[in-house]
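Enquirer: Have a look at the structure that comes next, please.
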Amino acid sequence: MIKLKTVKDQIGKELQIPYFPAKIISLVPSQTELLFYLGMGAKVVGVTKFCVHPLHARSKTIIGGTKKFNFDKIYRLSPDLILGNKEENYAQGIFELGKNYPVWVSDIFNLQDATDMIMQIGQLVNKADRANQLVTKIEDRFSSLEAMKTKKGRALYFIWREPYMVAGGNTFINAMLEYAGFENAAAHLDRYPELSEEDIKKLNPDYLLLSSEPFPFTTKYINDFQLKFKSKNIHLVDGEYFSWYGDRLLGAADYFEKLSV
């Protein structure tokens, strides 16, 4: 008989999981990367099509996207632990999976939530020591972050175009913008608001930051933004460092330090 333990996830839901999960599905790219960092790659049986790090994660069974699961594939894999996220996944899909499998859901708004998640997943997969070591490294690096003291100015962080969408307050990106030395010009707006061209002009940010994800902004969009908003301070930024909350945080502090705007 498999020995089970009762745990709580970050949305307060209790679930029972095996003490040593043998077949794990990750529905979240940053948590997939974390599992491999913790040495659990061999136990990962399924990932989403967006789980692109590390490279060999792509050899696992692809169970769909973060917002649309292939339930038949998941049922065939018969996982004993599924890792999800409240924001990145969809509630109905998580609910359906929860009828048959233990689904541990993270909910991340700031650095503390992220480090708590890392430690909790470390405990779930019997890698607590490695997870705690990772958290110590992340906390040490962020505590000495000079970028946070630079006060670069007010910024809008774009995640989409047509319509324009930005990261507002109450988001992990908002917290990372502060660490990078920016004041979020949309911090008074909730989550991921849509903005018109007029809205953007009224906010009058010092910087327009075009993220590499989820919309893949590239250099070809800079001229378009310059023409529309008469701004020279338009920069492409690596969205993974602003929005991934696993071991990628190890490199985020260095990225923020070197971010030239």
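The values are calculated or read from the model by the stated rules, or taken from the named source; none is laboratory data. It should be emphasised that the depicted structure is a prediction, and the values quoted were computed from it without experimental measurement. FYI the Cβ positions are ideal-geometry reconstructions off the backbone, even for glycines, and counts take in every protein chain you see.
Enquirer: So is ILE63 more than 18 Å from LEU15 (Cα to Cα), surrounded by 13 or more Cβ atoms within 10 Å (Cβ to Cβ) and among the hydrophobic types (A, V, I, L, M, F, W, C) or not?
Expert: Working: more than 18 Å from LEU15 (Cα to Cα): yes; surrounded by 13 or more Cβ atoms within 10 Å (Cβ to Cβ): yes; among the hydrophobic types (A, V, I, L, M, F, W, C): yes.
So ILE63 passes the test.
Enquirer: Let me ask something additional. All but one of (1) surrounded by 15 or more Cβ atoms within 10 Å (Cβ to Cβ); (2) among the polar types (S, T, N, Q); (3) outside any helix (DSSP H, G or I) hold for THR115; state the number of the condition that does not hold.
Expert: For THR115, the failing item is (3).
Enquirer: Given the condition under 28 Å from GLU213 (Cβ atoms) and among the polar types (S, T, N, Q), answer yes or no: does some residue in the range 11-24 qualify?
Expert: No; the residues of the range 11-24 include none that is under 28 Å from GLU213 (Cβ atoms) and among the polar types (S, T, N, Q).
Enquirer: Follow-up question, since we're still on this one. Does the range 96-105 hold any residues that are surrounded by 23 or more Cβ atoms within 10 Å (Cβ to Cβ) and either of a type in the set (D, E, K, R) or more than 26 Å from TYR75 (Cα to Cα) (or both), and which are they?
Expert: If the condition is that a residue be surrounded by 23 or more Cβ atoms within 10 Å (Cβ to Cβ) and either of a type in the set (D, E, K, R) or more than 26 Å from TYR75 (Cα to Cα) (or both), then no residue fits.
Enquirer: Determine if the range 29-37 includes at least one residue that is closer than 18 Å to GLY98 by Cα and assigned by TED's automatic domain parsing to the domain that holds VAL105. I'd like the intermediate steps shown before the answer.
Expert: Initially, the range 29-37 is screened for residues closer than 18 Å to GLY98 by Cα, giving none.
No, the range 29-37 has no match at all.
Enquirer: Which of the following residues is buried (at least 21 other Cβ atoms within 10 Å of the Cβ), hydrophobic (A, V, I, L, M, F, W, C), part of a loop (DSSP other than H, G, I, E, B) and at pLDDT 95 or above: ILE82, ILE121, ILE74, ILE108? Outline the logic, then answer.
Expert: Details: ILE82 fails: part of a loop (DSSP other than H, G, I, E, B); ILE121 fails: part of a loop (DSSP other than H, G, I, E, B); ILE74 fails: part of a loop (DSSP other than H, G, I, E, B).
When all the criteria are applied, what remains is ILE108.
Enquirer: Please go through (1) under 22 Å from SER30 (Cβ atoms); (2) touching a helix residue (DSSP H, G or I) at 6+ places or on another chain (Cβ under 9 Å) for HIS235 and return the number of the only condition it doesn't satisfy.
Expert: (1)
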